[in-house]
Amino acid sequence: MTAVLVAATVALGALPAAASAAAPSPLLAAPPAVNVANVNAHLQQLQTFATSNGGNRATGTAGHTATTTYLQQKLQAAGYTVTVQTCTTCSGSAKNIIADWPGGNTSNTYMFGAHSDGVAAGPGINDDGSGTATLLEAALVLAANNPTMTNHVRFGWWAGEEQGLIGSKFYVNSLTTAQRTAIKAYGTFDMIASTNGGYFVTGTDAVAVKLREYFTSINVPTETSTECCSDDGSFRNAGIPSSINSTGASFTKTSAQVTKWGGTAGQPYDPCYHRACDSYPSNINTTSLGRWANAEMYAVWTLTTGTTTANDFSVSLSPATAAVNPGSSATTTVNTATTAGSAQTVTLTSSGAPSGVSVSFSPASVTSGGSSTMTVATTAAAPAGSYTITVTGTGSVSHSASYTLTVNGTGACGSPGQKLGNPGFETATAPWTASTGVIGANTGEGAPRTGTRNAWLNGYGSTRTETLSQSVTLPAGCSAYTLSFYLKISTAETTTTTQYDKLTVQVGTTTLQVFSNLNASAYTLRSYNLAAYAGQTVTLKFTGVEDSSLKTSFVIDDTALTVS
């Protein structure tokens, strides 16, 4: 979503009566379910593209090119007719990806879109990886089911949205008058997994009507939004009925919205909006992501196909794992959603719990679209080990989800605490291994945050690579493994778009994040979850690379790898 945040100037009519009904209504024709796990897999891929290419997916960068190539390949493999449109007005002549599913009346085309780019400050996972990934999976589900098409459906992923809706404007301007007339409605999906968000459907076009119909059926109220802007504006300005659909950006949530949706009043819908922390999975609300994915699928299906399906629902768990000591308990939320037809009663049961472990649900049955709290309680005699508990929801059909419970053994996490040696660099260099001069009693722009010593990589204004590393062993059986450090970046570079100097943070061969001259800031705390490395000896490594001119300094202090 672009950074322009003003009151919307487009007049929005009253909501249709069906959308404002208090009670849920049955869906007239519903699609197969979209599995949110598949959407998350797409988001993980987008995060990888960002991590491997300077930490972002901004238009004109390698991260954005990798994103559009991924979309093209997935859609073509599924049978879509894919048009790769070079946006010559976009930065770096970036690509729009337009995908048409064969069949249906092309004079009645319904179009669904998201922007494939992000800002230079971060990976752009909620903004707008969430819209990109959900629409991709909805398109793939449609192709896999291959329904009879009544009307035509087209998907679009736009470059240059963050630079002023450039990609979508370029596409709309390329259409003839007849082609514009053929598009009966366009819905854009921009930021649909905000961690403190709501459910905003802003428009009166046919796509918006269907989205409200779906959310009404699962008892999720919607609002219109005064935040703008996104690619719906390019279509609306061309006379095409359009809507923007979102969970919110930088505006703050009200107390009334907390009552309606939960969350925290007085805080932004997305606290990581246009920031480096817009990353996967930390900045994704999986519940919102799954609901929107299925709302999109419902709108696509009901507007373009002649196919109906039986009543159906889905079951998911959040979180899906827990580690406990014998005698303690853990809870998780069992989420259900109506994925086809009407809502139905779903009875919850479990299987696979070992001796000494009991599972209960409150409530034990829900109406699909509702949720239940599952409590897993252990006795002191519960045997140590990892167990898979299967949670089953039974209605007209049955669906299951898996929960992984780890019961810690006696003495589990017997070695908690901070694991890095010389974390503040105050005692010579060991056990750190560093390039000459990196660790020391630095002053000036490289002055320590605390104490008298720290680590200062680069800052020479000439071609240079410097490293800082330490091997550390992480005990198994603990519940939290957090790497943290304070990083200060100062630069003489004047660019606001190009990463000339970079600092790569790695654990083993995995890149946690890449910082650059574009991330200049005072000392800022950086934190990462290293639970995946429990029980392993790994090497933490910082690599600073500086080009031939205009220096950038990467200054590190007060490191920690805390296990609890």
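The values are calculated or read from the model by the stated rules, or taken from the named source; none is laboratory data. Remember, predicted model here, so these are calculated numbers, not experimental data. Don't worry about glycine lacking a Cβ; one is built from the backbone with ideal geometry, like all the others, and counts go over all protein chains shown. Heads up: the accessible areas ignore ligands, DNA and RNA and are worked out on the full protein's heavy atoms, side chains in. Shrake-Rupley method; radii C 1.70, N 1.55, O 1.52, S 1.80 Å.
Sort 529-535, 497-503 for me by packing, meaning the mean count of neighbouring Cβ atoms within 10 Å per residue, highest on top.
Highest-to-lowest ranking by the protection proxy: 497-503, 529-535.
Could you order peptides 357-368, 67-78, 109-120, 242-253 by the average number of other Cβ atoms within 10 Å of their residues, highest first?
In decreasing order of mean packing, 357-368, 67-78, 109-120, 242-253 become 109-120, 242-253, 67-78, 357-368.
Whole-Hz Karplus ³J(HN,Hα) for region 196-204, in order, using 6.51 cos²θ - 1.76 cosθ + 1.60 and θ = phi - 60°, x for Gly and Pro?
In residue order, the calculated couplings are 10, x, x, 10, 10, 10, 10, x, 10 Hz.
Counting Lys and Arg as +1 and Asp and Glu as -1, what is the net charge of the other residues whose Cβ lies under 14 Å from the Cβ of D270?
Here the count lands on -3.
With Cβ to Cβ distances under 13 Å as the rule, what net charge do the other residues near V472 carry (K, R +1; D, E -1)?
That sum, taken over residues with Cβ under 13 Å, equals +2.
Using a 1.4 Å probe, how large is the accessible area of R449, given in Å² and rounded to the nearest 10?
Spelled out: R449, probe radius 1.4 Å, area about 100 Å².
If you roll a 1.4 Å probe over the chain with all protein chains in place, what percent of the accessible area is carbon or sulfur?
52
Using the heavy atoms of the protein chains and a 1.4 angstrom probe, tell me the accessible area per residue for region 92-177 in square angstrom.
The answer is 26 Å² per residue.
How large is ³J(HN,Hα), in whole Hz, for each residue of region 133-139 in order, when computed from phi with the Karplus curve 6.51 cos²θ - 1.76 cosθ + 1.60 and θ = phi - 60°, using x for Gly and Pro?
Per-residue couplings from phi come out as 6, 5, 5, 4, 5, 4, 5 Hz.
In terms of modelled amide H atoms, which long-range or inter-chain residues lie less than 5 Å from the amide H of D501?
Those qualifying (amide H under 5 Å, at least 5 residues apart or on another chain) are N517.
Which label marks the calculated value of Cα Rg over 2.2 N^0.38 Å, given the options (i) 1.38; (ii) 0.99; (iii) 1.04?
Label of the calculated value: (iii).
Can you list the lysines whose alpha carbon is less than 28 Å from that of K541, not counting same-chain residues fewer than 8 positions off?
List returned: K419, K488, K502, K551.
Where only protein heavy atoms count, and the probe is 1.4 Å, what is the accessible area per residue for region 333-411 in Å²?
41
Farthest toward the dipole's positive end in the chain, which of S360, P102, A193, given Cβ charges of +1 (Lys, Arg) and -1 (Asp, Glu) about the Cα centre?
S360
Once amide H atoms are built 1.01 Å from N in the peptide plane, which residues 5 or more positions from T59, or in another chain, come under 5 Å H to H?
G118, G160
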